[in-house]
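What follows is a set of notes on a single structure, which appears directly below.
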Amino acid sequence: MNTSPRRRRDYGEGHVVSSSFYDTTDDVVASHDTDQSIVDRTGTQNEASSSFTTTQQLQQVHQTKQSSSWPVALYIPNLFGYLRILLSFYGFNLALKQQPNKALNLWITAALLDLVDGLAARKLNQCSQFGMVLDVVADNILRSIVWFASIIELLKHNPTKTHQACVWTAIIFLEWVTMFCSQSNRGNKKDNQHIHWKDLHKRSDNLDSHGPPPLWVQAVFKNNFRTIPGVLVVYGLFVAPFGSYVWYSDNFDISRLNSLLSIGVIRTLIQIAYVGRCLSALVEAWLCYDFIRDVIAKDKHKDAKED
């Protein structure tokens, strides 16, 4: 969890950089760790543990200046984000036309492009707050559309399973509510920097500080999801809706999967995805609870000041 919001790229959550990263001059100083301390526009030097400059750092600043002069909305990673949204909706159109194989191919392509835009953002130095939000929106749109398509297929063949359809619909809304809460919480600042929603437990102000999150939440986020609970959550987020659509769509050509996996194995993989999605729902519910708790704390603090 000790990951600096200035230097990390969170899987599936966009491109996160410090807002001061773009306010640079040609003078760069290096610190002991991989974070860079950059001279601001007034020419004053930020604190650093060492004061030597390198050609590589100067080239990186030059590349950053070039990329920042390009309109943010037209950054290459953001263009991938627009493409992912278009592919998601076009896939839904194909699903409604009972062409599940083509729809699934487009949705898988949209999901894989999430990896491509992250690589492009780092290689081209085209990270942005807008790109981070766009990435989250594109992820939510993709998963919501696949869930909606799964609900249509479910009720078409099993009209009595309305309770299951309601659960899937609740998952859709939970994802969007969680996005609203996490993005709203980014308004909290620490040392003039936005706090990423995965680092909200590090807030130092007494008003918003409620201590660290539960251990099971920390286990999911630890090492950028590179833990068993973290992998299970990411697996469930994407495989649960995709697997549900494949399982309930009668027009899907499952013979290609049967050549690799048996029906029993496919069913087991989907069930594991449901377990991961349930764990993800618990984490999302905690994030929403943490946001609501902060809002209530601010209201109490405001009332106390007025009194």
Any hit, region 160-178, residues being within 16 Å of the chain's Cα centre (by Cα), free of Cβ contacts under 8 Å to residues at least 60 places away in the same chain and open to solvent by less than 60 Å² (accessible area, probe 1.4 Å): yes
Any hit, region 288-305, residues being under 30 Å from Asn158 (Cα atoms), surrounded by 18 or more Cβ atoms within 10 Å (Cβ to Cβ) and modelled with pLDDT under 95: no
Exclusive hit being at pLDDT below 90, open to solvent by 50 Å² or more (accessible area, probe 1.4 Å) and within 20 Å of Ser150 (Cα to Cα), set Leu257, Leu269: Leu257
Residue in region 149-168 that is in a helix (DSSP H, G or I) and modelled with pLDDT under 90 present: yes
Failed item in (1) more than 22 Å from Trp147 (Cβ to Cβ); (2) at pLDDT 70 or above, with Leu237 passing the rest: (1)
Criterion violated by Asn125 - all others in (1) at pLDDT below 90; (2) open to solvent by 20 Å² or more (accessible area, probe 1.4 Å); (3) in a helix (DSSP H, G or I) satisfied: (3)
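The values are calculated or read from the model by the stated rules, or taken from the named source; none is laboratory data. As the structure is a prediction and not an experimental result, all values here were calculated from the model. Because the Cβ atoms are built from the backbone with ideal geometry, glycine has one as well, and the counts that use them run over all protein chains shown. In case anyone asks, the SASA skips ligands and DNA or RNA and just uses the protein heavy atoms, side chains included. Shrake-Rupley method; radii C 1.70, N 1.55, O 1.52, S 1.80 Å.
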